[in-house]
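Read-outs: derived from the displayed coordinates by stated rules, not from any lab. Everything numeric in this text was worked out from a predicted model, so none of it was measured. As a convention, Cβ positions derive from the backbone with ideal geometry for all residues, glycine included, and neighbour counts pool all protein chains shown.
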Amino acid sequence: MSERKVRVRFAPSPTGALHIGGVRTALYNYLFAKAHGGELLLRIEDTDSQRFVPGAEAYIIESLKWLGIGFDEGVSYGGDLGPYRQSERRDIYRHYVQELLDKGKAYIAFDTPEELEEKRRSIPNFQYDASTRGSMRNSLSLPREEVDRLLSAGQQHVVRFLVEPNVEVEVDDMIRGRVTFNSSVLDDKVLYKSADDLPTYHLANIVDDHLMQITHVIRGEEWLPSSPLHVLLYRAFGWEDTMPRFAHLALLLKPEGNGKLSKRDGDRLGFPVFPLRWVDPKTGEVSSGYRESGYLPEAVVNFVALLGWNPGNEHSEVMSLEELVRYFDLEKCSRSGAKFDYEKGKWFNHYYIQQSSDERLALLLRPYFEETKYPFDLAFVTRCIALVKERAQTLSELFDQLSYFFVAPTTYDEKTVAKRWKAESASQMRELMELLSTLSEKLPSEDTEGRVKAWLEERGYGMGAVMNCFRLALVGAAKGPHLFDITALLGREETLRRLARIIEVLG
Ligand code: GLU
């Protein structure tokens, strides 16, 4: 094969939300393209009208944009070799179906669904192929005049690929090595259906990969059994010289490692299997997404990249998209399935949250503020985040940990109350209020701390006893950052209000 510019494609079918396995396929295509100075295109394979789901295409595009997986060409990106949506390419496919018919590599079949069903019932393991096609109703078995008559009468038909039996077909897979198939296992696949005047997946996929000058096909393992058929189609067209190389990615497995990862595993164990929230347009069923669950896109990308590939011992597993491009090696992808270790995903998210600037995090939290109607002041939220982000694994957790900066506690953690709130606590809090009222309105952290400590010493009060009750008043529990950093953000008036309230509630 002559050296061609690397061109790869992500070719999803819009049949629902993009599964995390599809995200990995898109990402590996992206990394491969970038690593080779090549191009990536987005093709929508929507020839199966039965499985078409409205909204799925837009969902796929938005997901990939959120993750930062950009395309050079394709649906919503434009380009010279479009249209990139298969339902808009009927004329092109019609032409190539005719070409196969003219070359004698395909034939027309009139068997009705009922007739096919009957065969399947009466013949065990019935397969439409060299051994059976002579007894079926098609352009190979029927007289020419009969075929013409049926066609001009507008009879529904399909075009089938003529598969020669007993041909060894080799697929040279970049991950799996050489895989050999015998053509006899293949049936005479339907390439085109007159009923919707559209080709099936196989024909459209091959024709488009050829016309769009695709050099490498990187896709999920579930397509491996189709690859010998695809090789035969390339040969039938005489396109062997530009046939892409294949790479089939191993399955994503359940966290326990037994069987394929499914949406139900996500529901069962509490993690999303989709990049964005998805509402099924038919059933209304809602599935959670990484974005809405408070993940950063770079964390998801880093995590997903490592499902079936790793950079080797000399590099850290923490990698930006640019670093992934630098180290990614398709040929080092694992042949065996990759366990979906979502705990690792959380670890990455925690890591990337710590790396993010407080201001970026504040902006990302804005939608949470809009939903809860807490006032959003960028500078203030940024300061609060700096105090609490250390412990947050997701943006949602980060937001929860901020809540006491925006709403005063109305209840107090029972265990802490039982342990800390003593007979003298109320009067100590009253004294503390008196002291704070004499301080400046902003309660600067160090200054306040010094004054409060001096007062504790003077009165001989236990530091732990007083401070824990103080914390309980401000936060509602025995948690949170340095107390005087909290008071500095709340300010004097709010701090006093919260102290007054705890005295009232706990007495
Ligand atoms: N439309 C197929 C899918 O949804 C594409 C398979 C391929 O990449 O060839 O997975």
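Quick one: angle between helix 201-211 and the longest Cα principal axis of the chain, in degrees between 0 and 90, rounded to 10, please. Between the helix axis and the principal axis of the chain, the angle is about 90 degrees. Database remark: amide H of Arg7 closer than 5 angstrom to the amide H of Glu39, Thr215, His216 (H placed geometrically; neighbours at sequence offset of 5 or more, or on other chains; Pro and chain starts carry no H).
Once you compute Rg and the Kirkwood Rh from C-alpha atoms, what is the Rg to Rh ratio for segment 27-90? Numbers along the way, then the final one.
Numbers: Rg = 12.6 Å, Rh = 12.7 Å.
Looking at segment 27-90, the ratio lands at 0.99.
Each peptide in 203-209, 495-501 gets a packing score, the mean of other Cβ atoms within 10 Å over its residues, and the list from highest to lowest is 203-209, 495-501. Cα gyration tensor of segment 198-338, axes a ≥ b ≥ c as square roots of the eigenvalues: rounded (a/c below 1.5), prolate (a/b > b/c) or oblate? The shape class here is oblate. Can you tell which of Leu150, Gln98, Val169 lies farthest toward the positive end of the dipole of segment 57-206, using +1 and -1 charges on the Cβ of basic and acidic side chains (Lys, Arg; Asp, Glu)? My answer, from the dipole projection, is Leu150.
Between segment 282-311 and segment 115-156, what is the separation of their alpha carbon centroids in Å? The distance from the Cα centre of segment 282-311 to that of segment 115-156 comes to 47 Å. Principal-axis analysis of the Cα atoms of the chain puts helix 483-506 at an angle of about 70° to the longest axis.
Translational diffusion coefficient of segment 115-183 at 4 °C, 1.567 mPa s, Stokes-Einstein with Kirkwood Rh over Cα pairs, in µm²/s as a whole number. Could you put the intermediate results ahead of the total?
Working: Rh = 14.9 Å.
Result for D is 87 µm²/s.
Pairs exceeding a 20 Å alpha-carbon distance, out of Lys65/Lys282; Lys254/Lys344; Lys263/Lys332; Lys346/Lys479; Lys260/Lys344: Lys65/Lys282; Lys263/Lys332; Lys346/Lys479.
For the chain, take N as its residue count and report Rg(C-alpha) divided by 2.2 N^0.38 Å.
Values: Rg = 32.0 Å, N = 507, 2.2 N^0.38 = 23.5 Å.
Here the Cα radius of gyration is 1.37 times the empirical estimate.
Amide H to amide H distances under 5 Å link Met174 with Phe246, Ala247, His248, where only residues 5 or more positions off or on other chains count and H is placed in the peptide plane.
If each DSSP helix of 4+ residues adds -39,500 (n - 2.57) and the sum is divided by the residues in the chain, what number results at 222 nm, nearest 500 deg cm²/dmol?
Working: 19 runs with 229 residues, N = 507.
Calculated mean residue ellipticity at 222 nm is -14000 deg cm²/dmol.
For segment 54-161, the extents of the C-alpha atoms along the principal axes are 55, 32, 24 Å, listed from largest to smallest. Does segment 243-321 come out rounded, prolate or oblate by the C-alpha gyration tensor, with a ≥ b ≥ c the root eigenvalues, rounded set by a/c under 1.5 and, if not, prolate when a/b is larger than b/c and oblate if not? Cα axes put segment 243-321 in the prolate bin. Along segment 4-9 the Karplus relation, 6.51 cos²θ - 1.76 cosθ + 1.60 evaluated at θ = phi - 60°, assigns HN-Hα couplings of 10, 5, 5, 9, 10, 9 Hz to successive residues, with x for each Gly and Pro. Count Lys and Arg as plus one, Asp and Glu as minus one, and take only other residues whose Cβ is under 10 Å from that of Leu31; the net charge is then +1. Please report the antiparallel percentage of the DSSP beta bridges confined to the chain, to the nearest 5. The antiparallel fraction comes to roughly 55 percent. Residue-wise HN-Hα couplings along segment 401-415, as the Karplus relation 6.51 cos²θ - 1.76 cosθ + 1.60 with θ = phi - 60° gives them from phi, are 6, 8, 4, 5, 6, 10, 10, 5, x, 10, 10, 10, 3, 4, 4 Hz; Gly and Pro carry x.
The equivalent ellipsoid of segment 359-437 has semi-axes of 30, 15, 12 Å, largest first, where each one is the square root of 5 times an eigenvalue of the Cα gyration tensor. Loop-located trypsin sites (Lys or Arg not before Pro) across segment 92-183 with a Cβ neighbour count of 14 or fewer within 10 Å are Lys103, with loop assigned by DSSP.
Each of Val185, Ser320, Ile385 was placed along the dipole of the chain (beta-carbon charges, centred on the mean Cα), and the one lying farthest toward the positive end is Ile385. Measuring spread by the Cα atoms of segment 291-427 yields a radius of gyration and Dmax of 20.1, 71 Å.
Rounded to the nearest 20 Debye, what is the dipole magnitude of the chain about its Cα centre when Lys and Arg each give +1 and Asp and Glu each give -1 at the C-beta? All intermediate terms of the calculation are to be shown ahead of the outcome.
Numbers: 65 positive and 76 negative charges, 197 e Å.
Dipole about the Cα centre, nearest 20: 940 debye.
Phi angles of segment 46-58 translate, via the Karplus equation with coefficients 6.51, -1.76, 1.60 and θ = phi - 60°, into HN-Hα couplings of 10, 7, 9, 5, 5, 9, 5, 10, x, x, 5, 4, 4 Hz per residue; Gly and Pro are given as x. Ellipsoid fit via the Cα gyration tensor, segment 438-495: semi-axes of 17, 16, 9 Å, each the root of five times an eigenvalue, largest first.
Run through the DSSP bridge list for segment 1-108 and note the antiparallel percent, rounded to the nearest 5. Intermediate results must be reported in sequence, preceding the final value.
Numbers: 1 of 8 bridges.
The antiparallel proportion sits near 10 percent.
Using the alpha-carbon atoms, what tilt in degrees (0 to 90, nearest 10) does helix 20-35 show relative to the longest principal axis of the chain? The answer is roughly 80 degrees. Along the axis of the charge dipole computed for segment 408-449 (Cβ charges of +1 for Lys and Arg, -1 for Asp and Glu, origin at the Cα centre), the listed residues Val417, Thr448, Leu432 are led at the positive end by Val417. Given in Å, the Rg to one decimal and the Dmax to the nearest whole number for the Cα atoms of segment 1-117 are 17.3, 52. Within segment 154-232, the proportion of C-alpha pairs whose separation exceeds 16 Å stands at 57%.
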